[in-house]
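The values are calculated or read from the model by the stated rules, or taken from the named source; none is laboratory data. Note that this is a predicted model, so its numbers are computed, not measured. The accessibility values were calculated without ligands, DNA or RNA, using every heavy atom of the protein model including side chains. Shrake-Rupley method; radii C 1.70, N 1.55, O 1.52, S 1.80 Å.
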Amino acid sequence: IQGAAQNMTELVQNMMELAQMDLEATQKHEPVEMGKLLAEMAHEFTAQAHVKQQTLTFTPLSSATNINGDSLQLRQLLRNLIGNAIKYTPKGGAVGILTEVNDGSLKIDIQDNGYGIPAADLPFIFNRFYRVRNEAVKDIEGNGLGLAIVKSAIEQHGGQISVESEPGKGTCFTINLPVTSVAASSLKF
């Protein structure tokens, strides 16, 4: 009963978040230092990866990089992608968060060597309520809204997302977001 209640709560929260994004009700753009945010996200998921005996690697940005955005939405989209990478990678696997800045764009790759997504499912994974149906992931909980939220948030930040995947070899989600400033950084991650 508790599990079902938790799943229903998550579903309702995700549906409300999507509705707010559709209405652009929660948009408040301000400078967000992405190096710090990404380091916090990597740190947040270290324990979860450790429980599954996974290797979580993070390649930090070499300089302070700001984008104009909503820090709560950016955190949520990174949580969804990193959480999915861990969730859909078996025990002992590897998850990586790689970053770089090129030509005014911040590129973030979230890659894993997990179950992968069949080519027939790739065009639909960002659709609301769509879940990949394959034997390897049939027992993994989800409501099919996480990637729809991710795509909506990225588009509201003027960015793009793409995915490459191969069943049995893993998946890589690539995010590109426009950068507002890059400065020398003495931050250590």
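When nucleic acids and ligands are ignored and a 1.4 Å probe is applied, Glu100 ends up with an accessible area of around 80 Å². Normalised by residue count, the range 62-122 yields a Cα convex hull volume of 125 Å³ per residue.
Here the accessible area of the range 50-132 is 51 percent carbon and sulfur, with a 1.4 angstrom probe and all protein chains present. Our analysis of the range 19-130 gives Rg over Rh at 0.99, with the two radii drawn from alpha carbon positions and Rh computed by the Kirkwood formula.
Annotation: amide H-H contacts under 5 Å for Ala94 (H modelled 1.01 Å from N, sequence separation of 5 or more, or interchain): Thr55, Asn113. Computed with every protein chain present, the accessible area of Phe126 is close to 40 Å² [probe 1.4 Å].
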